[in-house]
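Please read the structure below before turning to the comments.
Here, each number is a calculation from the coordinates, and none is a lab measurement. Small disclaimer: the values here were computed from a predicted structure and weren't measured. Counting neighbours? That spans all protein chains shown, and the Cβs are built from the backbone with ideal geometry, glycine included.
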Amino acid sequence: MNTPNPNPENFDWNAAEADVTDANVVNLDAERTRRTAAESSTHFEVALDETATRGGMAVDAPPTGPSGRRPIVPANWSTWPNIRHSLVQAADLTAYRAGFHALRSPWYAALATFWAVVGVFRLTGRQLKWWWVTEQYGLRQAAADANDPQMWLKLHREVKATRMWRGLVLLAELLTAAIGGPILYATAPTWALGLCLAVVVVFLAHIGRPEDRRIITPATVAGRFRRVNPDIILRAYYAAGLGHPDKPHQQVSFGSTMARDTSGTGSQVSIDLPYGKTFDDAVKARGAVASGLDVAVSQVFITRDPSSHRRHTLWVADRDPLAQGAGRTPLLRGKATDIWQPAPFGLDERGNKVSIDLMWTSMLIGAQPRQGKTFAARTLALYAALDPYVKLTVLDGGGKPDWRKFALVADRCSFGLAMTRDGDPAEIVLEALREIKADVQDRYERLSELPVDVCPEGKLTREIARDPKYRMPVRMVVLDEFQEYFDLGEVSKEIAGLLVYLVKVAPAAGIIFVDATQRPSGVGTGQVAQQFISYRDNHQVRFALRTGSWQVSDLVMGSGAYSEGHDSSTLLPTYKGVGILRGASDHTPTVRTYLADQEDAEKILIAARKLREAAGTLTGMAAGEDIARESRDVLADVRSMFEASERGLQWEDIAARLADRLAEHYADVTAESVSVQIRSFGVRSVDVKRAGKALKGAKADDIDTAISRRKAA
């Protein structure tokens, strides 16, 4: 470091010029270029931002018209619903901040008073330093060190003059405060005194408080997040083997600038892979990319760009966007819904609302146990229940309590597989599916006969569905754990055939299917197994919560989902009600479904029943109607097959008599099926001798005992 010359008057200018002549001349432009190139190849910024920077490019491209022009008015202020939503959001945030600060206002006042006292002394010290012209001390000291008395005297005279007029200014301030203060106190109204005091306290507190000590605590805090910039992106992609920085035509480039999204929750950039690399390569390397970015894989989202197969959009969330639930369902308001409008389902990874158009749709929901598939299916069923013009059929193969309250509104319902007083659940399901099939066939015939002005496209309309004279309401069929109905033996053959027919044909007639399972493969045998696969694969909309492997994920979401970057097995076990929605729209979002627990569901269903009672649309089992098959007492029917002198009958004889005498209800009954049903009531299967043969059957006394035991219960 150069030292000051102690004798500036004897400075050797010739020697200094000689040193400059011998020095190397630096090309600044070339040096800057070299340094920039070196930094771009070695610098990776991993610092944490103190505050999140909002703004930048939007996550989704702004909508444009045919001319390619962007709208003059932003989307959130373009229509009255959007304006109202924006105003509600702003009002909600303002109200929250007001309440937050109002509660802490006494503490703010105490802090402001304390720091105002400190500010008095600090302001006094500053003014004294200003009056004494301390900033000139260095100049006078330099003149003294240089042995320059003329300069020192000149500076001294200037400082005396400056102190004189600054002293007059301070005297004027003091007199103004000493005289004006009492006058103001004596003449000004109370509100003016309070306002002046508040302004003075705030001013002095601002001067008195340290720079790092805030008086007012922020009501909202922007979280810290890892900075994602082009250097980090390149490092991640090269480390994942998606290119090479030094090989020709193997560099990764950017199709847009790196920017924060409009919600301030993540960063986005468009990536152009090297020629020959594809979107599928990027999807397979998603884990490696996350490692290169030093974030969790659940924070990295790769979206296909339709303009090029080597281009995609990378969105990196600041923190795991799926760890926080979507909140309670908006259906808790209990207001009537419209099945012809999209049903609220949840929030995607970026906090956008996700809705599903249920009309003309069949939906498959699959997941491991206890991941929220029943809650997801129930959310849509609750939406349909709140539309009083939708006819509901709820069939739960698992027999869980989640669906029991739907008996309040369901036209037909069945829970579990155990025999009940209503009869065999398998038979209830079979009869319900037969009735729906007959309804579908009848609808197509009647729709084709309607005039064009009523049914323009030969298709069900909202007006037709809601007009009772046409008798064609929209129907929703919910099957939870539907794999159980494919594994019931002989009866499963007809059930499987009906389900395959309905899932292919019924949606176009206004019959909506919402089906959930935890076993999307390996169910049934022979033809039933093939029909199960056909039934599973004929759903248009798929929702996969966490599964055990990518293969199972593909079975739920449909073939090709994994190659498109959708794998529900990567969802964390801690996620509940989180899944990948495919087929509902052009996008495939990861959705956090709204929550409606057992208590919420009951509240919604009670409201739904009141809506149906008011509209006069409560039907079937919910209305207490006597459904022929459901109301059959199998135990009593079997007992009636015994003649007065018969004390025992073989199962084959019982089945034959039921099919002959009660063909309307037992046309397809077999010895095995009737044995299962009767034994479920505690009736023993014993040897019964008839025509010289001893075969398994039932005793009349055992059936009488079972009937008496049931009555006593």
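Listed peptides 556-563, 439-446 appear in the order 556-563, 439-446 once ranked by packing, highest mean of other Cβ atoms within 10 Å at the front. Residue separation of residue 197 and residue 148 scaled by 0.36 nm, minus their Cα-Cα distance, works out to 12.5 nm of gained length.
Normalised by the number of residues in the chain, what is the relative contact order in percent for Cα pairs under 8 Å and 6+ residues apart?
Reported relative contact order: 12 percent.
Computed extension length for residue 129-residue 256: 40.3 nm, one decimal, from 0.36 nm per residue of separation with the Cα-Cα distance subtracted. So, R0 is 41 Å and r is the distance between the beta-carbons of residue 291 and residue 335; what FRET efficiency does that work out to, to 0.05? Computed FRET efficiency for residue 291 and residue 335: 0.30.
Computed from backbone phi, the HN-Hα couplings of the range 77-83 come to 10, 8, 10, 4, x, 5, 4 Hz, rounded to whole numbers (Karplus: 6.51 cos²θ - 1.76 cosθ + 1.60, θ = phi - 60°; Gly and Pro given as x). For residue 277, the lysines whose Cα comes closer than 27 Å to its Cα, not counting residues fewer than 8 places off in the same chain, are 247.
Running Debye on the range 532-673 with equal point scatterers at the Cα sites and no solvent, what base-10 log of I(q)/I(0) appears at q = 0.10, 0.15 Å⁻¹? Normalising to I(0) and taking log10 leaves -0.72, -0.89.
Between residue 212 and residue 184, the modelled labels are 3.5 nm apart [label points 7 Å from Cα along Cα→Cβ].
In terms of its C-alpha gyration tensor, the range 380-454 has an oblate overall shape, because the principal axis ratio a/c (a ≥ b ≥ c, square roots of the eigenvalues) is not below 1.5 and a/b does not outweigh b/c.
Where both bridge residues fall in the chain, DSSP classifies roughly 60% of the beta bridges as antiparallel.
By the gyration tensor of its Cα atoms, with a ≥ b ≥ c the square roots of the eigenvalues, what is the shape of the range 391-525: rounded for a/c under 1.5, prolate for a/b over b/c, or oblate?
prolate
Dipole size of the range 629-702 about its Cα centre, with +1 on Lys/Arg Cβ and -1 on Asp/Glu Cβ: approximately 280 debye, rounded to the nearest 20.
Enter the Cα centre distance for the pair the range 573-609 and the range 307-336, rounded to the nearest angstrom. Going from one Cα centre to the other spans 12 Å.
Which order do the peptides 326-332, 507-513, 164-170, 89-95 come out in when sorted by mean C-beta neighbours inside 10 angstrom, highest first?
Put in order of decreasing packing, that is 507-513, 326-332, 164-170, 89-95.
For the pair residue 86 and residue 110 in one chain, pulling the backbone fully straight at 0.36 nm per residue adds 5.0 nm over the alpha carbon distance.
Extending 7 Å from the Cα toward the beta-carbon at both residue 457 and residue 587 defines two label points whose distance is 2.5 nm. For residue 255, the residues 5 or more places off, or on other chains, whose built amide H falls under 5 Å of its own are 270, 271, 272. In the chain, taking the dipole from charged Cβ atoms about the Cα centre, the farthest positive-side position among 585, 195, 252 is held by 195.
Quick one: if the Förster radius is 45 Å, what FRET efficiency do residue 75 and residue 438 give, using the C-beta to C-beta distance and rounding to 0.05? Using R0 = 45 Å, I get an efficiency of 0.40. Each Lys and Arg Cβ is given +1 and each Asp and Glu Cβ -1; about its Cα centre, the chain then shows a dipole of about 1780 debye.
Applying 1/(1 + (r/R0)^6) with r as the Cβ-Cβ distance of residue 623 and residue 527 and R0 = 35 angstrom yields a FRET efficiency of 0.40. Peptides 496-503, 396-403 ranked from most to least packed by the mean count of surrounding Cβ atoms within 10 Å: 496-503, 396-403. Listed values (1) 144, 80, 59; (2) 89, 54, 54; (3) 102, 54, 51 include one computed from this model; for Cα extents along the principal axes in Å that value carries the label (1). Averaging the Cα positions of each part gives two centres, and for the range 641-684 and the range 133-183 these lie 118 Å apart.
Per residue of the chain, the DSSP helices (runs of n ≥ 4 H) give a summed -39500 (n - 2.57) that works out to -13500 deg cm²/dmol at 222 nm.
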